[in-house]
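See below for the structure under consideration.
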Amino acid sequence: MGSASSQSSRGARTPLSPRLAIQLAAPHTWPAAIMPVLVAASCALAVTGYLDTAMTWLLLLICILMQSSVNTFNDYFDFVKGTDTADDNVEASDSVLVYNDVNPKSALVLAIGFLVIAFALGIYVIMQAGFIPLVIALVGAVIVVAYSGGKTPISYLPIGEAVSGLVMGGLIPLACYHVLSGSFTFLALLWALPTIVGVGLIMMTNNTCDIEKDIDAQRRTLPCLLGRDKTRKLYHGLMVAWVLAIVFIIAIWFSRGIVVLPFLALASYPLIMGLWKNLLTPAARIGAMGQICALNVALGALYAAALLV
């Protein structure tokens, strides 16, 4: 049941139901798309004093669709390559093609569909804001496909954390800030540094828990190259850098938001300590992914609140 070859020999397949499609989209990972848009919208409102709420919702929907496309592409390619199995310490809802007799081509069509809808909605954004968001979106789309597809996917290389962090955590705020503020500045990329680190750590959490599996699959992710002990030290350093980036950005550019920082510390401390103690082993994978996504929500929401003050 856990291999692509065993299921490919079967005849009739289970249709890809709406429930399974949602599971492939993996809503629990959507903070990687939601928080960057929230931060960009907060920056735009703080700088301009105005926010187009309808456009903000549209941008949020587009980014969620692109995140869903990434998740579905990743599940498809990992399944057909035999990388995903039932022994990988994942919930059944997080590995649809392994635990359900669904034609993997349906997942591929779904992934492409998410991407097409996102670009179709993006036409209106381009009409309103010009071609800069289109250029950024095209770069993101190429990386979405290259992340899991091709002879040497990005997910098999030691740059996955940096690429996912920069694209989802950096390019999304850069494009959204331009659309919502009407101006393009690379300062928005600097303000997005906390989301770049946060999204990158989601990927690092997954890859660290999957070291043994990835080695067997001949992946050369950063945790595979460093080993679990060195990766955890780097992981802890990035967690500290994440919080310090928020503090310095607020202190330098949005100083009135300092009043929010004590609340940020109180809300995030238990989550940080829980994740700090997590050994990031295969058995701890489910818990670790829940912890890092919760920490992204907590730090992202309170960072946005500090920006708004």
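Throughout, read-outs are computed from the coordinates displayed, never taken from laboratory work. All of these numbers come straight from a predicted model, not from anything done at the bench. In this analysis, Cβ positions are derived from the backbone assuming ideal geometry, glycine residues included, and neighbour counts consider all displayed protein chains.
Where is the GNM fluctuation largest for the chain (alpha-carbon springs, 10 angstrom cutoff): Ala111, Ala32, Ala283?
Between Ala111, Ala32, Ala283, it is Ala283 that shows the largest mean-square fluctuation.
Using a Gaussian network model on the chain with a 10 Å cutoff between Cα atoms, which of Met66, Met204, Met127 fluctuates the most?
Evaluated over the chain, the most mobile residue of the options is Met127.
Work out the length of the dipole vector of the chain about its Cα centre, built from +1 on the beta-carbon of each Lys and Arg and -1 on the beta-carbon of each Asp and Glu, and round it to the nearest 20 debye.
On the way: 16 positive and 15 negative charges, 50 e Å.
Dipole magnitude for the chain comes out near 240 debye.
Report, in whole Å, the centroid distance computed from the Cα atoms of segment 62-77 and segment 31-56.
Going from one Cα centre to the other spans 22 Å.
With semi-axes √(5λ) of the Cα gyration tensor in Å as the read-out, I listed (i) 26, 23, 20; (ii) 32, 24, 15; (iii) 32, 25, 22; which label goes with the value calculated from this structure?
Among (i) 26, 23, 20; (ii) 32, 24, 15; (iii) 32, 25, 22, the one calculated here is (ii).
Taking only complete DSSP H runs, can you tell me which helices of the chain stretch 30 Å or more along their own long axis by Cα positions and average at least 0.5 on the Kyte-Doolittle scale?
On the way: long enough: 53-80 (41 Å, 1.05); 104-129 (37 Å, 1.94); 228-253 (37 Å, 0.94); 285-308 (34 Å, 1.47).
Taking the DSSP H segments of the chain (at least 30 Å long, mean hydropathy at least 0.5), we get 53-80, 104-129, 228-253, 285-308.
Scan the chain and report its longest stretch carrying no trypsin sites (Lys or Arg not before Pro) that are both in a DSSP loop and have at most 11 other Cβ atoms within 10 Å.
With a cap of 11 other Cβ atoms within 10 Å, the longest stretch comes to 152-309.
In terms of modelled amide H atoms, which long-range or inter-chain residues lie less than 5 Å from the amide H of Val102?
Thr14
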